[in-house]
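See structure below.
The values are calculated or read from the model by the stated rules, or taken from the named source; none is laboratory data. These numbers were taken from a predicted model, which means no experiment stands behind them. Cβ: placed from backbone, ideal geometry, glycine included. Neighbour counts: every protein chain shown. Ligands, DNA and RNA are stripped out before the accessible areas are found, and what is left, the full protein with its side chains, is counted by its heavy atoms. Shrake-Rupley method; radii C 1.70, N 1.55, O 1.52, S 1.80 Å.
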Amino acid sequence: MGVRERAHELTNARSYDMIENKKIKTALITGASSGIGSALAHELAEHGYNLILMARRAELLQQLKTDIQNKHSSAKVVVVASDVSDYEKHMNDVRDASKEFTSLDLVIANAGVGYTTDESKNCWEKNKKTFDVNVLGALATLEVAKDIMLKQGHGHLAGVTSMAAFRGIPLSSSYSGSKAGLGIFLESMRLDLL
């Protein structure tokens, strides 16, 4: 199953009936320039959402915006070049971009990296970058979005993890560990916010 098909499946799942009922009007997606993020942007635009799309690669974001608006002329799309691992700047980017709309209804912390990490060698830099983006970058996104949503009285937070979170994979120690960390954080955050 391809990324686009998986995004379609997710947005049509029972747990996402909030999307089908069009209760959500504005979605922010990090890591939107390619892969799952891009596919989710297309899928949500098809469901009538306005979008805030964030990623490091501005040229890909601009192309995505053009593609979406060509298919869905009524969609308002804001693109912001933002690196989730530059935490303070990214948090300000989220705050500023959210002001373009009357509310921020769905935030998907999707930005992620995955490096080959052979732990029989020194992998410090790759491991650090993986945790900076996959865990701390997601937390920066979710923390500022949570504050906005608590103030406005509604919203949904989501994070993209992986099956790699459930079992260590050879040459992927930091990726597996980072996705496990994010998954557990999301579970705990949900319990605190219920």
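Based on what the data block shows, is LEU136 more than 17 Å from LEU53 (Cα to Cα), under 13 Å from the mean Cα position of the chain (by Cα) and of a type in the set (A, V, I, L, M, F, W, C)? Yes, satisfied. A single entry from SER172, SER188, SER162, SER176 fulfils the requirement of being of a type in the set (Gly, Ala, Ser) and surrounded by fewer than 18 Cβ atoms within 10 Å (Cβ to Cβ): SER188. Restricting attention to the range 90-139, the residues that are among the hydrophobic types (A, V, I, L, M, F, W, C) and touching a strand residue (DSSP E or B) at 6+ places or on another chain (Cβ under 9 Å) add up to 12. Taking the criterion of being small (Gly, Ala, Ser) and open to solvent by 50 Å² or more (accessible area, probe 1.4 Å), the residues of the range 59-80 that qualify are SER73, SER74. Every listed requirement among (1) charged (D, E, K, R); (2) surrounded by 13 or more Cβ atoms within 10 Å (Cβ to Cβ); (3) more than 16 Å from LEU53 (Cβ to Cβ) is met by ASP93 save one, (3).
Across the range 132-159, the qualifying residues are those that are among the β-branched types (Val, Ile, Thr) and closer than 13 Å to LEU28 by Cα, and the one among them that is surrounded by the most Cβ atoms within 10 Å (Cβ to Cβ) is THR141.
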